[in-house]
Amino acid sequence: MPTTLLYTFIVAISVFAVYTLIPELFVHFFGIGSWKRHYSPGVTLTFDDGPDPRYTPRFLTVLAEQNVRACFFLVAEKAEKQPELVKSILDHGHTVGSHGYRHRHAWLMPPLKTWDLWNKAMEEMRRLTGQEPVYVRAPWGGVNLSFLLWCHFKGKKLISWSADGRDWRIERTPNHIMQRITGRTKEGTIVLLHDSGGDEGAPENTLAALKPLIMKIQKELKLPLVPLQLPGWSLPKRIGFRVWEKWEHFYGQRKQITRIDERNIFRLGLTRYHGPELFNENGELIASAGDMIGEIHLDNTRFQSFGANIQKIGYNALKQARLSLPALASYISLNPGYKDIKVFLGVTLINRGVKGLGFNVTEYTNGNAGFIGFMQKIVYRVYNPSAKKDTEKLGTKPKVVWISKDALLEKYLTKKSSTQG
């Protein structure tokens, strides 16, 4: 009898592990089977457990004031009682995802019940919105094997998160919520917040934190807030992207390359010049080997939204550069670290049309030109895989594009001032 009980216990534990623990491990720790982040530039806000007539309209007001689009994961049982509120969420331009029919943890639901409740959630959301949500998020983030199979066969994207404020707890003050999230926020972060549920009154703290949080992400972290959008990438492509992204983050920190603002296509740093002498339009020497210069870098994550081929990428890069240069000039004029810098330059394969922006183009004579060109092609392929076959059109040798500080400020600082005035 003891042996039979032991075998029964082992079988029960094994079934429980296969049904709940192993899926949870893969989804939450390895990110396999779910999206813990997105791959477009910026940060996405998501809200769970609504809609709530007491709080959701107030969240919509703050988001509208800040011109931010979010994703609301709605509990269908609540949504069917608040159809006008669901409509209001959509009318404000937000995305609607499903948070299940009832707010029940997946570990407490057997296989057939799991399928039945998620199918019922889809039916209700289709009735309310006219279509089934593509994005789903399980209550508490808990998953089981049946739910993962349901997501696969129904073609749903399971959304997890990479930063959360634990804001469902009433003891979490607005400052705690904001600090916890911003400490975990970077490019591609999916933020988890709640517009309902949790401890009584907890959404009040989230509401108080929301506007300061948005401003801190945009102004201090210099990241845009964007709607939730996921690329059609395979898991190997996502892994490759993450590896390259970590390398770029390390390189940027090591070289002290900083962003200008949350929307700017450029990043900026200081470096020693190793090229030939550069002269300004008056024939004055402004840079020779050993001088400190400003080094302009394209913010590579922005390439994802530039198009599906090199021609379109180049066109959109020039268009975005024209919009970004006034802010770059303003940043330089106000930053004491660039007071004595006389020239700003970049090394790039995408150099057609830059003369129209006021830049000069010079041959890149350093011996590592081929390596730089090769690395830049990798960048374009990583951040925009659909353009892979077109990168050969860029050639193999990058050019130096440069502009004197005086010319940059004269052309773009005045233009920005007159536009704002």
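The values are calculated or read from the model by the stated rules, or taken from the named source; none is laboratory data. All values reported here derive from a predicted model rather than from experimental measurement. As a convention, Cβ positions derive from the backbone with ideal geometry for all residues, glycine included, and neighbour counts pool all protein chains shown. The protein model used for the area step is the full one, side chains on, heavy atoms only, and it has no ligands, DNA or RNA in it. Shrake-Rupley method; radii C 1.70, N 1.55, O 1.52, S 1.80 Å.
Some observations on this one:
- Qualifying residue in the stretch 393-407 (condition: part of a helix (DSSP H, G or I), at pLDDT below 80 and either crowded, with 20+ Cβ neighbours inside 10 Å or basic (Lys, Arg) (or both)): yes
- Counting only helices (runs of 4 or more DSSP H) that fall entirely inside the stretch 68-154 and contain at least 1 residues that are more than 19 Å from residue 17 (Cα to Cα), open to solvent by 10 Å² or more (accessible area, probe 1.4 Å) and small (Gly, Ala, Ser), the qualifying elements are 83-91.
- Selected residue [open to solvent by less than 10 Å² (accessible area, probe 1.4 Å) and either among the hydroxyl-bearing types (Ser, Thr, Tyr) or in contact with a Ser or Thr (Cβ under 6 Å, 6 or more places away or on another chain) (or both)] from 193, 210: 193
- Of everything listed in (1) surrounded by fewer than 16 Cβ atoms within 10 Å (Cβ to Cβ); (2) touching a strand residue (DSSP E or B) at 6+ places or on another chain (Cβ under 6 Å), the single unmet condition for residue 17 is (2).
- Taken over the stretch 241-270, the criterion of being closer than 22 Å to residue 317 by Cβ and touching a strand residue (DSSP E or B) at 6+ places or on another chain (Cβ under 9 Å) is satisfied by 252, 255, 257, 258, 259, 260, 262, 265, 266, 267, 268, 269.
- Residue 12 being farther than 23 Å from residue 118 by Cα, assigned to a helix (DSSP H, G or I) and either modelled with pLDDT of 90 or more or touching a Lys or Arg at 6+ places or on another chain (Cβ under 6 Å) (or both): no
- Long-range neighbours under 9 Å by Cβ, at least six apart or interchain, first residue closer than 21 Å to residue 105 by Cβ within the stretch 3-21, second of a type in the set (A, V, I, L, M) and surrounded by 11 or more Cβ atoms within 10 Å (Cβ to Cβ): 18/145; 19/145; 20/106; 20/143; 20/145
A quick yes/no check of all residues on (1) at pLDDT 75 or above; (2) out of contact with any strand residue (DSSP E or B) (no Cβ under 9 Å at 6 or more places or on another chain):
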site: 329; (1), (2): yes, yes
site: 335; (1), (2): yes, no
site: 340; (1), (2): yes, no
site: 361; (1), (2): yes, no
site: 383; (1), (2): no, yes
site: 391; (1), (2): no, yes
site: 418; (1), (2): no, yes
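Matching residues to (1) more than 17 Å from the chain's Cα centre (by Cα); (2) at pLDDT 95 or above; (3) small (Gly, Ala, Ser); (4) farther than 23 Å from residue 121 by Cα:
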| position | (1), (2), (3), (4) |
| --- | --- |
| 33 | yes, no, yes, no |
| 43 | no, yes, no, yes |
| 46 | no, yes, no, no |
| 49 | yes, yes, no, no |
| 73 | yes, yes, no, no |
| 90 | yes, yes, no, no |
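- Matching strands (runs of 3 or more DSSP E) fully within the stretch 175-289 where at least 1 residues are in contact with a helix residue (DSSP H, G or I) (Cβ under 7 Å, 6 or more places away or on another chain) and more than 30 Å from residue 56 (Cα to Cα): 266-272
- Filter pass, residue 62 being more than 18 Å from residue 137 (Cβ to Cβ) and open to solvent by 30 Å² or more (accessible area, probe 1.4 Å): no
- Taking the stretch 326-366 as the range and being part of a loop (DSSP other than H, G, I, E, B) and of a type in the set (Phe, Trp, Tyr) as the test, the residues that pass are 359, 364.
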